[in-house]
Amino acid sequence: MSKYHYGVFVGRFQPLHTGHEAVIRAALNEVDTLIVLIGSSGQARTPRNPFTCTEREEMFAKVFKHELTTGRLILKPVSDHPYSDAAWCAEVQRAVNETVLAHYNKGGIVLHGLQDIRIALAGYGKDRTSYYLKLFPEWGNVQLASQYGTFSSTDVRRQLFQRIPVVSRSVLSDGVAEWLEGFVMTETFRALLEEAEYLEAYPRQWGRGPFVTVDAVVIQSGNILLVERGQAPGKGLLALPGGFLDPSESIKDAAIRELKEETAISDHKGEIPPAMLASFIDGTKTRVFDHPDRSLRGRIVTHAFLFRLPERRELFSVSGGDDARSANWHRLGDLEPEQFFEDHWSIIQLMADL
């Protein structure tokens with residue numbers, strides 16, 4: 001019997017490569033059951049996160065079919081929470097607890113708590129796992145000897161996103177390589193490649209920043225005002241009205257200007273003037289969002305403003321303008337994370353207290 005009943009291994013697997021496989025097989029030798037948490041789930045596709053959680057599960061099935069069938073390997077999605085370690089920890093803890101309880105109950109054993117279940121986080125001491133360990137002191141630690149190979153998923157994606165894609169079978173299992181060879185022939189890949197090319201050219205034209213932007217979180221009667229992006233990056237995704245700061249304006253004025261330009265927000269008297277829009281800002285909620293990886297365009301720091309509009313049965317009228325394809329009200333309860341550009345869903349969650 002292993003020292004630990006369950007191991008926990010966290011990764012994005014974009015895509016799954018032989019380095020991941022080596023880690024997983026080594027961890028399986030140390031624990032009875034390994035729970036693999038597939039990170040960055042529920043996000044819109046980007047060149048950095050090109051594969052959905054379901055697609056990554058398909059890759060796992062190509063390599064670990066036996067382990068998945070027998071229950072020695074269990075896959076579970078977890079979302080990103082770039083501005084809250086506490087929220088991410090809570091989601092990981094819930095995912096592991098629910099998985100363990102369901103696993104035992106499936107075997108006919110009713111388990112009401114995890115007091116006697118030995119759980120360990122699996123990984124390398126010199127990677128981000130050492131950071132994760134500080135967040136889960138209640139779990140043990142399965143340290144693996146050394147990293148397998150000198151490559152990463154970033155290297156695999158760099159070869160993949162070219163006009164003549166390279167699927168390197170030297171670092172991919174045959175099943176995963178075949179899956180990727182099919183993927184690069186799809187319209188989904190074509191759209192991702194175009195975005196990757198745009199993002200590669202972006203710093204040459206505009207620099208890498210840091211840049212200052214603004215975003216408007218506009219709430220009215222349980223609805224939020226969103227725009228659909230009309231061009232790359234994130235063409236077709238939902239986003240908050242916003243944009244770059246002009247050199248001659250304040251940050252608050254920039255947020256109001258962008259809101260007007262992208263949505264033409266109006267009441268029964270016509271477009272709402274800047275002074276009235278300013279009166280709707282909840283000053284206690286203004287916040288900076290500056291995660292280093294929040295944008296693939298470069299280092300972009302945004303200032304978000306919460307606009308609380310008066311509650312009414314008839315919402316203010318809006319229409320898309322500037323670089324927005326459209327502007328519309330959306331019920332907060334109908335939104336899904338994978339609909340959103342960059343970190344805008346995380347911003348909404350924090351600003352609107354979802």
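Annotations for the structure displayed:
- Residues that are of a type in the set (Lys, Arg), over 22 Å from ASP323 (Cα atoms) and in contact (Cβ under 8 Å) with a residue 24 or more places away in the chain, drawn from region 242-288: LYS285, ARG287
- The condition (being farther than 29 Å from GLN339 by Cβ, part of a loop (DSSP other than H, G, I, E, B), among the small types (Gly, Ala, Ser) and without any contact (Cβ under 8 Å) to a residue 40 or more places away in the chain) is satisfied by just one residue among SER2, SER41: SER2.
- For first residues located in region 79-100 and farther than 26 Å from VAL288 by Cα, partners that are open to solvent by less than 30 Å² (accessible area, probe 1.4 Å) and of a type outside the set (Asp, Glu) and lie 6+ apart or on another chain with Cβ distances below 7 Å form the pairs ALA95/LEU37; ALA95/VAL78; VAL96/VAL8; VAL96/ILE35; VAL96/ILE119; THR99/ILE35; VAL100/TYR6; VAL100/ILE117.
- Among the residues of region 51-75, the ones that are over 20 Å from SER2 (Cβ atoms) and assigned to a helix (DSSP H, G or I) come to 12 in all.
- Of all residues making up region 256-273, the number that are open to solvent by less than 70 Å² (accessible area, probe 1.4 Å) and either among the basic types (Lys, Arg) or outside any loop (DSSP other than H, G, I, E, B) (or both): 10
- Candidate set from region 310-344 (those that are touching a residue at least 40 places away in the same chain (Cβ under 8 Å) and assigned to a helix (DSSP H, G or I)); member that is least open to solvent (accessible area, probe 1.4 Å): HIS344
The values are calculated or read from the model by the stated rules, or taken from the named source; none is laboratory data. These numbers come from a predicted model, not from an experiment. Positions of Cβ are backbone-derived with ideal geometry, glycine not excepted, and every protein chain shown enters the neighbour counts. Ligands, DNA and RNA are excluded from the accessible area calculation, which covers all protein heavy atoms including side chains. Shrake-Rupley method; radii C 1.70, N 1.55, O 1.52, S 1.80 Å.
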